[in-house]
Amino acid sequence: MARAEAFGLCDFEKQLILLDESQSDESLQDTFMHEVLHAICFVLGIDVESEESLVHKLATGLCTVWNQNPAAWLWWMFLTK
């Protein structure tokens, strides 16, 4: 990890997401989603002043939806086949 205080890192050039795996499963889920959202912002050219705050809130929200609604996740996965 480039910064010791980071739980995750999105390397846009190498197209890699790096995660500190010493986190709890719940924190790891949130960190992964957080970094995926940074990648999406980068690829789609979404440039907002408060990207870190936006990504943090969206990651936590999406993880909460999926964790509290496993049937919705299964339904979503079925649609991707």
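The values are calculated or read from the model by the stated rules, or taken from the named source; none is laboratory data. These numbers come from a predicted model, not from an experiment. In this analysis, Cβ positions are derived from the backbone assuming ideal geometry, glycine residues included, and neighbour counts consider all displayed protein chains. Each accessible area value is taken on the protein alone, full model and side chains, heavy atoms only, with ligands, DNA and RNA left out. Shrake-Rupley method; radii C 1.70, N 1.55, O 1.52, S 1.80 Å.
Residues checked against (1) in a loop (DSSP other than H, G, I, E, B); (2) surrounded by 13 or more Cβ atoms within 10 Å (Cβ to Cβ):
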| residue | (1), (2) |
| --- | --- |
| Lys14 | yes, no |
| Ile17 | no, yes |
| Gln23 | yes, yes |
| Glu26 | no, no |
| Glu35 | no, yes |
**Report entry** Residues located in segment 66-81, provided they are open to solvent by 70 Å² or more (accessible area, probe 1.4 Å) and either assigned to a helix (DSSP H, G or I) or touching a helix residue (DSSP H, G or I) at 6+ places or on another chain (Cβ under 6 Å) (or both)
**Finding:** Asn67, Gln68, Pro70, Ala71, Trp73, Leu74, Trp75, Trp76, Met77, Phe78, Leu79
Query - Any chance Glu35 is among the charged types (D, E, K, R) and at pLDDT 95 or above - result: yes
**Report entry** Within segment 49-64, tally of residues that are open to solvent by 70 Å² or more (accessible area, probe 1.4 Å) and either in contact with an Asp or Glu (Cβ under 6 Å, 6 or more places away or on another chain) or over 26 Å from Phe12 (Cα atoms) (or both)
**Finding:** 0
Requested in this report: Consider Ile46 carefully, then state whether it is of a type in the set (Val, Ile, Thr), surrounded by 11 or more Cβ atoms within 10 Å (Cβ to Cβ) and part of a helix (DSSP H, G or I).
Outcome: no
